[in-house]
Structures are given as C-alpha cells and as structure tokens.
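The structure appears below as structure tokens.
The values are calculated or read from the model by the stated rules, or taken from the named source; none is laboratory data. For clarity, every value in this text was computed on a predicted model and none was experimentally measured. All Cβ positions, glycine included, derive from the backbone under ideal geometry; neighbour counts span all protein chains shown.
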Amino acid sequence: MRTLLRTFVVCLLASTTVAMAEDRNAFNKQAYTYLKLVVGGSAEKMPAENFNFKPTEAVRSFGQILGHIADSQYYFCSAVLGEKNPAPKIEKTKTSKEELTAALKDAFAYCDKAHEGLTDATADDMVKFMGREMPKLNVLSANNMHTVEHYGNLITYLRLKNIVPPSSDPEVMKQMSGK
C-alpha cells in the first residue's frame, strides 16, 4: 500500500510540474479528481448492509463519514464560489447506500464548479472562510486535506470488512492513469 501511494504521489507531482507553470491549481485539481474517484469507489465497494458499520460506538459509521464528506464539499466550495452554503445536512439525514452515494455525487458535482472556475487570476482572491479571509486556492487545498483525512477512515472500515480500498485496487489506479 505504501509503495503504491508513494508511486502515485511521485507520478502526480511529476505530471503536474509542467501544468503548474501554466495553472497553479493543477495539483489541487488532480488531487481532487483522485479523491472523487477513491471516495466514490469506497461507497460503491461497501455493501449496503455495512453503511451503518462502526468499529466502535465512539466514531461515525461508514455512511456518516460519506455524509460528512459530502457536507464538507458544500461547505468548502460554497465559500470559493461565493455562494450561501446549501447545507443539506447529508450526514444527519441520509442513511442508505443509495441516498448517500447520490448525495456524494451531487456534492462533488457542486465542488467541480469551484475547481473548474478557479484560474491563476482568481486563485489569490480572498474569501471569508472559517471566520477569516483566505485565498480561494487555500480553501480548495484545505478541502482536499480534509477529504484525505476521512478517506483514511474509509480505508480502515473497508479493510475491517475484508474489502480492498480503491487506492489499493489496480483497476482503479489504471482508471486514474487513463490506461
């Protein structure tokens, strides 16, 4: 797993070097695309009956983590888009695999607009986020970091159910590389 992850990071960094000269958001966009793929893939791989699975009572269920990720896409990206957060409260209102998978896709589609709309000219535009002014590019970077954190939770839950996570699945990695 570590070798695969290191290889991915090296390839991602190498592939963005040229692009970053033209587009400062290139790395963020590629990381975001990868995260959409592996988080969405996690939702697809986990059987519906395990969406309420919690390793202990002190943590969120698998489905609640997906709902939290979806809510966070709206939270971070609404700031970048300069819109009122739609705040759908997915984590609190959706429980089934079908509902959560659809909500996650919608949330990522909403965030797609923030990534696609960001240019070198607007990357440093300041937006109000978490009570302070931040550049749009930093908000999107923070969103990726937050999503990575919770993807780590999803990996653990999948492994506890003997399911190979998308980031360790050669077919998913082929999909990411376009081969």
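Here are the numbers for the structure shown:
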| read-out | value |
| --- | --- |
| Qualifying residue in segment 126-133 (condition: over 18 Å from the mean Cα position of the chain (by Cα) and either surrounded by 18 or more Cβ atoms within 10 Å (Cβ to Cβ) or under 11 Å from Gln73 (Cβ atoms) (or both)) | yes |
| Helices (runs of 4 or more DSSP H) enclosed by segment 13-93 - at least 1 residues per element that are closer than 14 Å to Phe108 by Cα and either of a type in the set (D, E, K, R) or at pLDDT below 95 (or both) | 26-45, 62-81 |
| Counted residues, segment 55-85 - those being on the phi < 0 side of the Ramachandran plot and exposed (fewer than 15 other Cβ atoms within 10 Å of the Cβ) | 8 |
| Inter-residue pairs, beta-carbon under 9 Å, first at negative phi and in contact (Cβ under 8 Å) with a residue 60 or more places away in the chain and in segment 113-136, second loosely packed, with under 13 Cβ neighbours inside 10 Å and of a type in the set (D, E, K, R), 6+ apart | Asp120/Glu22 |
| Residue match in segment 109-125 (condition: surrounded by fewer than 16 Cβ atoms within 10 Å (Cβ to Cβ), within 20 Å of Lys29 (Cα to Cα) and either among the aromatic types (Phe, Trp, Tyr) or touching a Pro at 6+ places or on another chain (Cβ under 8 Å) (or both)) | yes |
| From the options Thr119, Thr95, Thr147, Thr101, residue that is in contact with a helix residue (DSSP H, G or I) (Cβ under 9 Å, 6 or more places away or on another chain), of a type outside the set (Phe, Trp, Tyr) and more than 26 Å from Ser168 (Cβ to Cβ) | Thr95 |
| Selection status of His150, crowded, with 17+ Cβ neighbours inside 10 Å and either of a type in the set (Lys, Arg) or out of contact with any Cys (no Cβ under 9 Å at 6 or more places or on another chain) (or both) | yes |
| Among (1) among the basic types (Lys, Arg); (2) surrounded by fewer than 21 Cβ atoms within 10 Å (Cβ to Cβ); (3) in contact with a Leu (Cβ under 7 Å, 6 or more places away or on another chain) - the single one Lys136 does not satisfy | (2) |
| Selection count, segment 153-167, where residues are surrounded by fewer than 16 Cβ atoms within 10 Å (Cβ to Cβ), in a helix (DSSP H, G or I) and touching a residue at least 40 places away in the same chain (Cβ under 8 Å) | 2 |
| Test: residue in segment 97-104 that is on the phi < 0 side of the Ramachandran plot, of a type in the set (Ser, Thr, Tyr) and modelled with pLDDT of 95 or more | yes |
